[in-house]
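Just below is one structure, and these are the notes that go with it.
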Amino acid sequence: MCNDNTDESNLIYLVHPLVTSLPPAFFQNSSKFSDRRSPHYAKLNRREGGGGWSPNGDDQQPWLQLDLQDRFKVTSIATQGRWGSSDWVTRYQLQYSDSGRTWRPYRQEDVIWTFIGNSDTDTVVQHKLPHSIRTRYMRLLPLEGSPKGGMGLRLEVYGCTYKSDVADFDGRSALLYRFNQKSTSTVKDVISLRFRSHQAEGVLVHGEGQRGDFLTLELQRGRLILHLNLDDAKPQSTGRSSSVMLGSLLDDHHWHSVQIERFNKHVNFTVDGHTQHFRCLGQEDTLEIDYELSFGGIPLPGKPGTFLHENFHGCIENLNYNGVNVIDMAKRRKPQIYTVGNVTFSCSESSSVAVTFLSSTGSFLMLPADYSMESLSVRLQFRTWNQEGLLFSVPLQARLLLSLSGGQQNSAQVLSGQNLNDGQWHSIAVEVKGQKVSLTVNNQKPVTMETSGKLGFSIVLGCPLFQCDFNCENPNKGYQGCLRLLFINNHPVDILQIQQETLSNYSQISFDVCNIQDRCLPILCEHSGQCIQSWDQFYCDCSGTGYTGATCHNSIYERSCEAFRKTGSQSSVFTIDLDGSGPLEHTQVNCTMAEDKVWTVVGHDHMRIIDIRGSTPRSPFVLIFNYTISPYHLRSLVTSSEHCQQEVIYRCRKSRLFDTWDGTPLSWWLDRDGVKRTYWGGFLPGVQQCSCSLDGNCRDMNYFCNCDADQDTWANDTGVLSYKDHLPLSEIAIGDTNRTNSQAELQIGPLRCYGDRFFWNSASFYQESSYLHFPTLQAELSVDISLFFKTSALSGVFLENLGVRDFIRLELSSPYTVNLTFDLGDGPVIITVQSPVALNDRQWHYIRAERNVKEASLQVDSLPLKLNEAPSERPYRLQLSSQLFVGGTASRQRGFLGCLRALIINGVTLDLYERAKTTPGVNSGCPGHCTSDSVCHNGGRCVEERSSYTCDCTQTAFDGPHCRTALAASFESGSSVLYTLQEPFSGILNEEARRSPAGFHDADVTKSQEKVSFGFLTHHVPALILTAHTLDQHYLAVMLTSNGSLQIQYLLNKEKGTEKFSPGSSSLADGRFHWVKINRKGQELFVQVSLCLHSSSCPILFPVSGSDTTDKELVQAGLRGFIGCLSSVQFNQATPLKAALQNSQSPLVTVIGRLEASSCGTISSLNTLSNTHTHSGKLSFLIYNYLILSMLVAAVVFITLCVLAIIIHFLYRHRRTSAPSVITGKMHRPSMEHPPYRAALDLHKPNHDSKEYYI
């Protein structure tokens, strides 16, 4: 016999076969091929009868059921094919039940597990269950038979007798465990139990003390909540307590395990194997409970049977409190246990049988209406996650249709209830009497309507979408979910009998089981993304998180100020995400673009000059610094930067820094870790000197600091601290200003950092058997990998990490092919990117790979993204155990030969340079000339030459040796440019998203994006600067309005109409040069303008409604044209102005009117200092669908609309579309640090569209 406490190592001695001795009566099946293939012949290694069990060939849902005669702890299962035949089962699933009426599928890794069966007749295939099951009844569901024959089965189940102490609570009962003393105080508690509930609400455990301690474990809406508080001084007034929620759908009539472990304030709370650790609140480390601990409810003092909270209705087994078996003591009538109400010691079974409608398009169950049809009443309970679904229909003259949500129906609608797709059980009752129909939802007040006509002769539950020979109509979708407790005219419907009847009319239904699953538990959306689910899948809503992707894994922000310099941005306040997809949130910093460096500047709350007097070493003047970003962000910034510094401006008069007698510090500062420091300049710590001593120019060379001369005149000991490990300052103390005429002035500058020390962190691999090793990848749910490589080898493995069964590998499999391969235990998945050019050309190439629970992707350089979606019912945890091998494999074969750099995994850069110093066959750094990220500017690519390098500016709007020369042109009235190109897009809306319910479209995260940048100078308004449109009249337009403000218009959803965004109301037609950047990525729209004249009052969003007004303004701007200067225009990878100026004879370019090169009055580089403001707002809706990767981008037209008739026709046709929706945006308080401007778009799903750009 084994129980919950049986050690797994001893379990092998207790396990024995359970099927061999079963009598024939304890086998059942859905069907049998013949009597000789009856289910009782399905015993392992037996040859009686037909040599095993086979179902009827017409059985679409076969199953074989075992009654083990008692509850057992089942640990493994073994199968064979049918003896002497070509029949076997290649794949199968398991279900188990205590009653034989309500079944539960066997799950592993939170998915219904599919077992691999046999490939021949006689070989025994045995599976040890990763987690054992406690059951009496088992069902094996064959999914696929032999390709040579059919389905045939012999099996054996192994386990041991399972005994437990069970108590049944009827909803009005409880067990009270009373202490020997008035109260008990514990430092450590362990509570364990297993429960099976009939209801979604109910208290399982409760205890409280007079000082405010309490412990409550209760079910709320099918989830377990643990409330725990330790001696809180004011629990009632503050409402403070530690509450943790775990589990979901726990009212499913199946057993669930719970364990609570507490030591002092540290608690482990475990439900069904999922553990959450937390620290509870309170003043003490002990839990003090008065008098008793109650199980099953919270009875009022002195009133047995009355409860403060809804009490538990169901069964509890193996209830242990600190080593005390409570149920065993209750059964033996021990005096410590007091029973309230009727508690029995055997678990009652539920009489309700649930069925699952598996498909929203094909599931149905037709019931004959053999009741009195003068009136009709239908009652049932349902639970689902879907927003829409047809529950049942009854033929009337105008037809009665009951669905979860509205739709256009042929009859009047009866509407009642809300939030009915929350996964909870809901009850409905429909009653038809004469011409009145009433609807009652969840026992609320009935809603009635009038109808006419006679009742029909059938009732259809669900509805097949593609079959017309049923008396039902399906305006939306058929029902997908669970049903139970069905009554027609107050008569219960026996679902099991319907299943057994040969003439029953149903399809795609699972009987005796509710297969609902909470796909949002555990929460697989990262970075606080909101999980939204349907019956088959879940989606992550990343709105407002700063992250994007299928699971909100990827940051929408750049990682450093260096990234903005590479894109040609000017000095401004930017939002960055220092660790990308890591745990740190995005934050705002000041990026200062100098000629040769980009400084990241972080201020604090004491930037002004501070006058200090009256301080002593024993009572110093202390200043604590609070920076504009968190300490975690500061540490990450300093660690990733090449250089950091902080200036300390210190002026003194008769105020020393060090005691002149013994050198004792009279003033000091604390570093970021709170360690006391006494040096005041330079980058070498430990030297108690000031900058003048290091520079050799102190006013008195007898001292190391100017202030130590202690003169009655002002001296200066300003210095720059630059030892990164100590920065920034967290506190400073000045202690010698209490003497006559003593005075000091202090000013601490901001933290200033530049460079990315990891971007060129590299290693060279020159032996195929060599590799670098790092700790195991933390990639169970998600991982993103990015790196640069250059090689001349034909193939090689970039990295590999192995598990027991799982693995992940990224490799160059051929000169033109990169593969991402991973295995979650059910077979390898391979994603391949084919390059049109060889990748072993000794040039740097970029790879980014990502894998999460929803999808996996791979991108090489700027080639189209390859995406592979994960099936909803499959393992999703990548379980790795070995070290991470970089540049090779554990087998030391197929190693990489070449250079790797900037290897980043989940936001963490691996230090290849340092690891290579101690690894044979690997050198630190990489040979070549492209060894600095500042070689080529504005996104230019560094290309290795034999003895030097060149900058490839092809993909930029700039020119020159280092891609710093801006290409600009002046436009007169009537001049324009048309540009046509082939351009790949990666914005693919997958088939799964297109099939998803309408309510999930908001959550679809698309992959499409546009990046537009240009500079301009003009005095003329209104002016149309740029348009981009598709042939089906979707467009983007950038213009200056009549008041000179910048305006961006999108028409991406004809139903929603034109949406308009304005990042500011100030006039940009001021004759000054302005830079504009527009970037739409996923659901976010970013707009950056180089100058906002009145930054303190610039509005974030200036929506204008009314399509007529929008079109008139656009037409007026197009008619006037643009007169002025444009510079460095870029749309994604297209550079139309550059092509027009340098290759005007190209068939892709059409120049109309006069076009002259110009400097626009600007310098050749963008890296200048100016006030730049970035604004952001939330996208309201986005479904932007490119169905093919390579598309014809039809046109890009500059400034004036050269083909005026075509454009006017286009605009006025659009004018007839519906009025635009109201645009919502997130308003930010104006400040000196402007948040990014992200605006809301409603996008349409276009077909295979050509795209035209007018600029």
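Mind scanning K163/K265; K654/K676; K43/K73 and naming the pairs with a C-alpha gap bigger than 27 Å?
On the way: K163/K265 34 Å; K654/K676 24 Å; K43/K73 19 Å.
Table pairs above 27 Å Cα-Cα are K163/K265.
Once you have a ≥ b ≥ c as the square roots of the Cα gyration tensor eigenvalues for the stretch 55-200, tell me rounded if a/c is under 1.5, and otherwise prolate or oblate according to whether a/b is larger than b/c.
Prolate, since a/c reaches 1.5 and a/b exceeds b/c.
Return the long-range amide H neighbours of L781 (sequence gap of 5 or more, or a different chain), with a cut-off of under 5 Å between placed amide H atoms.
L878
Put a dot 7 Å past each Cα toward the Cβ at A838 and R635; how far apart are the dots in nm?
In this crude label model, R635 to A838 measures out at 4.8 nm.
Using a Förster radius of 35 Å, what is the FRET efficiency between N442 and V829 based on their Cβ-Cβ separation? Nearest 0.05, please.
On the way: r = 44 Å, r/R0 = 1.26.
E between N442 and V829, to the nearest 0.05, is 0.20.
When we measure straight from the Cα of K597, which aspartates and glutamates land under 20 angstrom away, once same-chain ones fewer than 8 places off are left out?
Reachable aspartates and glutamates: E558, E562, D577, E642, E647, D756, D933.
On full extension of the chain, what length is gained from I610 through N741, given 0.36 nm per residue of separation minus the C-alpha to C-alpha distance? Intermediate results must be reported in sequence, preceding the final value.
Values: separation 131, 0.36 × 131 = 47.16 nm, distance 1.65 nm.
Here the answer is 45.5 nm.
Using a/c under 1.5 as the rounded threshold, could you call the stretch 790-860 rounded, prolate or oblate? The axes a ≥ b ≥ c are square roots of the C-alpha gyration tensor eigenvalues, and prolate needs a/b larger than b/c, oblate otherwise.
On the way: a/c = 2.50, a/b = 1.86, b/c = 1.34.
It comes out prolate by the Cα gyration axes.
With r defined as the distance between the Cβ atoms of I523 and Q199 and R0 fixed at 22 Å, what FRET efficiency is calculated, to the nearest 0.05?
Numbers: r = 25 Å, r/R0 = 1.13.
The value I calculate is 0.30.
Applying the Karplus parametrisation 6.51 cos²θ - 1.76 cosθ + 1.60 with θ = phi - 60° to the phi angles of the stretch 1120-1133, what ³J(HN,Hα) value in whole Hz is obtained for each residue in order, glycine and proline being reported as x?
Result, ordered by residue: 6, x, 10, 10, x, 10, 10, 9, 6, 7, 9, 10, 6, 8 Hz.
Taking only the alpha-carbon atoms of the stretch 478-583, what semi-axes of the equivalent ellipsoid follow from 5 times the gyration tensor eigenvalues under a square root, in whole Å, largest first? All intermediate terms of the calculation are to be shown ahead of the outcome.
Details: eigenvalues 577, 26, 22 Å².
Largest first, the stretch 478-583 gives 54, 11, 10 Å.
If you count, for each residue, the other Cβ atoms within 10 Å and average over each peptide, how do 765-778, 825-838, 135-148 line up from highest to lowest? Show your work: numbers first, answer last.
Details: 765-778: 17.4, 825-838: 13.5, 135-148: 19.7.
Final packing ranking: 135-148, 765-778, 825-838.
Cα to Cα, under 14 Å, and not fewer than 8 places away if on the same chain: which aspartates and glutamates meet these conditions relative to K331?
D165, D168, E317
How many Å² of accessible area per residue for the stretch 652-702, probe 1.4 Å? Can you show the working numbers first?
Details: 2690 Å² over 51 residues.
Each residue of the stretch 652-702 exposes 53 Å² on average to a 1.4 Å probe.
Which shape class, rounded, prolate or oblate, goes with the stretch 8-127 when its Cα gyration tensor gives a ≥ b ≥ c as root eigenvalues, a/c under 1.5 marks rounded, and past that a/b bigger than b/c marks prolate? Working shown, then result.
Working: a/c = 1.38, a/b = 1.32, b/c = 1.04.
It is rounded, given that a/c, with a ≥ b ≥ c, falls under 1.5.
Arrange the peptides 573-581, 316-324 so that the one whose residues have, on average, the most other Cβ atoms within 10 Å appears first. List each step's numbers first, then the result.
Values: 573-581: 22.6, 316-324: 18.0.
Sorting 573-581, 316-324 by mean packing, highest first, produces 573-581, 316-324.
If you take the beta carbon distance between K182 and V622 as r and set R0 to 30 Å, what does 1/(1 + (r/R0)^6) give as a FRET efficiency, to the nearest 0.05?
Values: r = 50 Å, r/R0 = 1.68.
That pair, K182 with V622, gives E of 0.05.
Using the Karplus curve 6.51 cos²θ - 1.76 cosθ + 1.60 with θ = phi - 60°, work out ³J(HN,Hα) for each residue of the stretch 309-323 in order, rounded to whole Hz, and write x for Gly and Pro.
Result, ordered by residue: 10, 5, 8, 7, 10, x, 10, 10, 10, 6, 7, 10, 10, 6, x Hz.
So what are the ³J(HN,Hα) numbers for the stretch 200-212, from phi and the Karplus equation (6.51, -1.76, 1.60; θ = phi - 60°), rounded to whole Hz, Gly and Pro as x?
Once θ is set to phi - 60°, the couplings for the stretch 200-212 become 8, 10, x, 8, 9, 9, 8, x, 8, x, 5, 7, x Hz.
If only Cα atoms are counted, what is the Rg of the stretch 637-712, and what is its Dmax, in Å?
Rg, Dmax (Cα atoms, Å): 13.5, 44.
Please give the peptides 552-558, 223-229 ranked by average Cβ packing (other Cβ atoms within 10 Å per residue), highest first, as a rough proxy for protection.
Values: 552-558: 24.1, 223-229: 20.1.
Listed from highest to lowest mean packing, they are 552-558, 223-229.
May I ask which of K566/K724; K1077/K1138; K866/K1054; K128/K854; K32/K148; K854/K1054 have a Cα-Cα span longer than 21 Å here?
Beyond 21 Å between Cα atoms: K566/K724; K866/K1054; K128/K854; K854/K1054.
Probe 1.4 Å, all protein chains in place: accessible area of T440 in Å², nearest 10?
Estimated to the nearest 10 Å², T440 gives 30 Å².
The values are calculated or read from the model by the stated rules, or taken from the named source; none is laboratory data. A quick note: this is a predicted structure, and the numbers were derived from the prediction, not measured. All Cβ positions, even for glycine, are placed from backbone atoms using ideal geometry, and neighbour counts span all protein chains on display. Accessible surface areas use protein heavy atoms only, side chains included; no ligands, DNA or RNA. Shrake-Rupley method; radii C 1.70, N 1.55, O 1.52, S 1.80 Å.
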